[in-house]
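The values are calculated or read from the model by the stated rules, or taken from the named source; none is laboratory data. Please read these numbers as outputs of a predicted model, since none were measured by experiment. Because the Cβ atoms are built from the backbone with ideal geometry, glycine has one as well, and the counts that use them run over all protein chains shown.
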Amino acid sequence: MDYKTIDGLKYTKKHEWVRLEGNAAVIGLCDYAQDKLGEIVFVELPDVGAEVLAGKSAAVIESVKAVADLYSPLSGTVTEINEELLDQPELINSDPYGEAWVYKMEISDESEMANLMDKAEYEKFIVEEEEK
Amino acid sequence: MRKSKALLFEMSRSGRQGYSLPSCDVPVKPLEQIVPHSLQRSSDLDLPELSEVEVIRHYTELSTRNFGVDTGFYPLGSCTMKYNPKVNEEAAMLPGFAYMHPCQPEETAQGALELLYNMEQDLIELTGMDRFTLQPAAGAHGELTGLMLIQAYHRSRGDNKRNKVLIPLSAHGTNPATVSMAGYEVVQIPCDDRGLVDLEALKAVVDETTSALMLTNPSTLGLFEEEIVAIAKAIHEAGGLLYYDGANMNAIMGYTRPGDMGFDVVHLNIHKTFATPHGGGGPGGGPVGVKERLIPFLPVPLVEKNDNQFSFNYDLPDSIGKIHSFYGNFGVVIKAYTYLKMMGAQGLKQASGDAVLNANYLMNLLKKTYYLPYDRYCKHEFVLSARPEKKKGAGAGDIAKALLDRGFHPPTVYFPLIVEEALMIEPTETESKETLDAFAKTMEDIAKDIDRDAEKVAHGPYNTVVGRLDEVRAARNPILRWTKK
């Protein structure tokens, strides 16, 4: 497999990752997504305190090829945003699972976690996407 | 190969002049007596100092670097880069039109008003709508105007809960931005495996919050939405309206009409379909047509005809107002009207027929070499995927650069988003079989080059004035102004 995934993270079909920390979650963009988008040139972040809904756009990622929405994997309230990305959007290309986390949130509906994939499921999903 | 040349500023030599002014024949006053000190510039102007011939050579050389439909094949998908007949320019330059003033009294501008009126009548016939405004300056402007009309319509009925606009994934690229600009929420509709709007998915989200569906038909995949009647029924039954994005009107002229398909609002891109110049920022024209129930909301003024006299009608109390100064890009309307009259009804129908024939011919040549994800008859354009080539090391963007090296304008790349590594190709009706064959042969050569040395293709172009540009730096840190070192 050509795309990096990380143990312990949860994943969505839109290629966002989630790191669960109790009732909080850290959200970012997967390696697969950054590779498909190409070089990232701009990131628009949500406001701290904003309500986000699962499956709805929470951030905007712009690359030399396209502008894409980052869909919130879960519903809840944004508690912190990664302002580093405003100056260094390229972090998403170089370190999508680390330095380039996008926002942190407080989860309002834990049942939504059932919709997320674990590493093995996500890897299988990527392979299927690639074979399409 | 010609390489980048110096800027005028860099060519400047102190004291060199391209003019000589006669000596001043009025008394010279000190600057302080005319302009207060606080308003005087304190830094140097740094204007370039050059002779006339240096400036002329500079700009003449730059002008030879233009690529346009007058210099070569320009298959930019969704843009309809057809040839722009020069007679259109002649008509727009007729002194009676060119030297008019927009504030001239109506009775002295009857010819211009008649042209606007006749243009509207022709667009009505071609689209099956009831009235048009010719004001919008281009497609996206037309879209915004259209959504404002739809909004005004719903509000006039006290129907204020409609805050969503549905857009298929295969829609024209400006639609989602228009929806946001108009204050609506975008709801995306997926495509089925034929590349058409997924009717069931559409039905599942249509409700009393649906303001409109924006549809491009044929879509950006170049495919005709065969179920348009059922789509229209689903939207109308829920109280929503249908918006037709006319970006792809060049495929259907004289064969079918948006008005007959059930659309309530239509915009046309006259700079695409009706052969007025575009690319490089316009000016364009995006007339918007509506069905009867939306007429009261149209921008003012409309042109009316009474007893063979033409006049502006500003008496529309529910109008959304003006959306362009005066009457829109009048010169562009003259050119488009000339095109319509030169072509005639049969000519327009043939243009669409030939555009579709050319696209299908080229598609069938290219699908021998490239992957065609939606392999069915197309309309005026089709979308290839360079995904297999990308895996070899050179993707859609690299193929585009390789085409530049070989004297062709590339197709649209990386759009529509539903096709990975998309190459969206629209040859238009004005290209000959020989041109299409030459383009197909070039695309085959590029595919062979990728098999042989993808790395080399991925670093092109090599024959252009500038090579591979740093797109990332251009986007993140653009240098838009010359500053003296």
- Item | Residues being within 14 Å of another protein chain (Cβ to nearest Cβ) and either acidic (Asp, Glu) or farther than 18 Å from A:Lys65 by Cβ (or both) - total across the range B:453-476 | 2
- For strands (runs of 3 or more DSSP E) lying entirely in the range B:273-326, having 1 or more residues that are touching an Asp or Glu at 6+ places or on another chain (Cβ under 6 Å) and of a type outside the set (A, V, I, L, M, F, W, C) picks out B:309-313
- Query: What residue, among those in the range A:22-53 that are touching a residue at least 24 places away in the same chain (Cβ under 8 Å) and acidic (Asp, Glu), is surrounded by the fewest Cβ atoms within 10 Å (Cβ to Cβ)?
  - Reply: A:Asp47
- Taking interchain pairs and intrachain pairs at least six residues apart, which have beta carbon atoms under 6 angstrom, with the first residue in the range B:396-418 and within 11 Å of chain A (Cβ to nearest Cβ) and the second β-branched (Val, Ile, Thr) and surrounded by 19 or more Cβ atoms within 10 Å (Cβ to Cβ)? B:Ala396/B:Val413; B:Gly397/B:Val413; B:Pro416/B:Thr220
- Message: Show me the strands (runs of 3 or more DSSP E) entirely contained within the range A:44-132 in which 2 or more residues are under 13 Å from the mean Cα position of the chain (by Cα).
- Response: A:57-63, A:67-71, A:103-107
- Looking at (1) more than 12 Å from every other protein chain (Cβ to nearest Cβ); (2) modelled with pLDDT of 95 or more; (3) surrounded by 14 or more Cβ atoms within 10 Å (Cβ to Cβ), which is the only condition A:Glu84 fails? (3)
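One line per residue, one yes/no per condition, for (1) closer than 24 Å to B:Ala275 by Cβ; (2) of a type in the set (Phe, Trp, Tyr):
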position	(1), (2)
B:Gly407	yes, no
B:Thr428	yes, no
B:Asp451	no, no
B:Ala454	no, no
B:Val457	no, no
B:Gly460	no, no
B:Gly467	no, no
B:Ala474	no, no
B:Trp482	no, yes
- Among the candidates B:Pro427, B:Pro388, single out the residue that is crowded, with 18+ Cβ neighbours inside 10 Å and either in a loop (DSSP other than H, G, I, E, B) or not basic (Lys, Arg) (or both). B:Pro427
- Run A:Asn115 past the list (1) within 14 Å of another protein chain (Cβ to nearest Cβ); (2) exposed (fewer than 15 other Cβ atoms within 10 Å of the Cβ); (3) within 22 Å of A:Ile6 (Cα to Cα) and report the number of the one that doesn't hold. (1)
- Using the structure shown, decide if A:Tyr71 is away from chain B (no Cβ under 14 Å) and not β-branched (Val, Ile, Thr). no
- So is B:Thr435 polar (S, T, N, Q) and assigned to a loop (DSSP other than H, G, I, E, B) or not? no
